[in-house]
Amino acid sequence: MDGEELTEQETALYDRQIRVWGADAQRRLSKSHVLVHGMAGSVAEFCKNIVLAGVGSLTLVDDRPVTEGALTANFLILPDESVSNGKSLADLCRDSLKEFNPMVRVSVEKGDLLSFGEEFYDKFDVVVVSCCPLATKKLINEKCRKLSKRVAFYTVDCRDLCGEIFVDLQKYKYTKKKLDETTECELQYPSFQEAVSVPWSMLPRKVSKLYFALRVIEKFEEVEGRNPGDTYIEDLAAVLQMKKELCEAQSVSESHVPNALLERLLMGAREFPPVCAVIGGILGQEVIKAISGKGDPLKNFFFFDAMDGKGIIEDIVNPNPEK
């Protein structure tokens, strides 16, 4: 990737972006390969952003059929359901994304993420997963970490008015510029497994309540064998029981996970389009940073709640990891 230069056509098309982040960053972006699983509303927004920015290729994985919920949150799918003709979510999103930027290769891969070997992930520079169970997130992240090259890994999920992004850039080196001075920086990221395994009692009290609430729902879905997002207000009593059990096991007060927040996450629509736009926009910026190696990256969780309009970054790392 480092030895290839931008073509005249790329230079002309991405002229404005080159003026913002430089030809080297655009070159890296134009030669990068991104894999995305789960065409949720936030992911659709992310895909649009990076296709317009000019990634080299984008591969979509989502064999699910179109549902009413998908039509509400995913603007890439036309409201006329008759156009689907049995096509999957990934197929329909590919058809729309190709129209945004014909220079980006957008393709669809059929199958289950877990069925792909490590050599499959080695083809990509960035892997983004959504609509995945807890165990799948952990396993895909580990497959990426076993590769000889560094693959940036992200998870993204939205529930009603809230959204979450997780980032694992492994050992990441980048530069940032302040006035005329360029500084070389390095960050060490934990894996998704390591991050969500940090004992709650070791985390600062000020950590976003969303972190704990989403872990409770995630665990409930895992124990119940539910698909991500298939938890509703009718499950509130069982989810509150799961919260109680987790808080006892973690030796923390139940106030870490407000009942009202859990109720709100279960009561609303699966995805709220304006929140998807915010989360997808942030994720797009972070992936561009990771590919270009320029700018301070997010480490390692980002939370957004439209109720107060705040975006919060939480660095969830075990302060005393086992040797």
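The values are calculated or read from the model by the stated rules, or taken from the named source; none is laboratory data. Predicted model only: the values in this text are computed from it and were never measured. Here the Cβ positions follow ideal geometry from the backbone for every residue, glycine too, while neighbour counts run over all protein chains shown. We work out accessible area using only protein heavy atoms, side chains counted, and drop any ligands, DNA or RNA first. Shrake-Rupley method; radii C 1.70, N 1.55, O 1.52, S 1.80 Å.
Here are some notes:
- Extreme residue, most open to solvent (accessible area, probe 1.4 Å), among residues of the range 53-75 that are more than 12 Å from Ala40 (Cα to Cα) and over 18 Å from the mean Cα position of the chain (by Cα): Glu68
- Residues (in a helix (DSSP H, G or I), open to solvent by 60 Å² or more (accessible area, probe 1.4 Å) and either in contact with a helix residue (DSSP H, G or I) (Cβ under 6 Å, 6 or more places away or on another chain) or at pLDDT below 95 (or both)) located in the range 245-258: Glu254
- Residues of the range 82-115 satisfying the condition of being open to solvent by 10 Å² or more (accessible area, probe 1.4 Å) and within 21 Å of Glu222 (Cβ to Cβ): Asp112, Leu114, Ser115
- Filtered residue count, the range 126-137, keeping only those that are touching a Ser or Thr at 6+ places or on another chain (Cβ under 8 Å) and assigned to a helix (DSSP H, G or I): 1
- Residue check for Asp125: in contact with a His (Cβ under 6 Å, 6 or more places away or on another chain) and open to solvent by 10 Å² or more (accessible area, probe 1.4 Å): yes
- Residues in the range 259-296 that are of a type in the set (Lys, Arg), closer than 30 Å to Ala23 by Cα and outside any helix (DSSP H, G or I): Lys294 only.
- Restricting attention to the range 216-239, the residues that are surrounded by 18 or more Cβ atoms within 10 Å (Cβ to Cβ), assigned to a helix (DSSP H, G or I) and without any contact (Cβ under 8 Å) to a residue 40 or more places away in the chain add up to 3.
- Close pairs from the range 139-150: first farther than 11 Å from Gln170 by Cα and open to solvent by 20 Å² or more (accessible area, probe 1.4 Å), partner at pLDDT 95 or above and not hydrophobic (A, V, I, L, M, F, W, C), Cβ under 6 Å, at least 6 apart: Lys143/Tyr121; Leu147/Asp122
- Scanning the range 304-314 turns up one or more residues that are open to solvent by 20 Å² or more (accessible area, probe 1.4 Å), within 30 Å of Tyr172 (Cβ to Cβ), among the aromatic types (Phe, Trp, Tyr) and touching a strand residue (DSSP E or B) at 6+ places or on another chain (Cβ under 6 Å).
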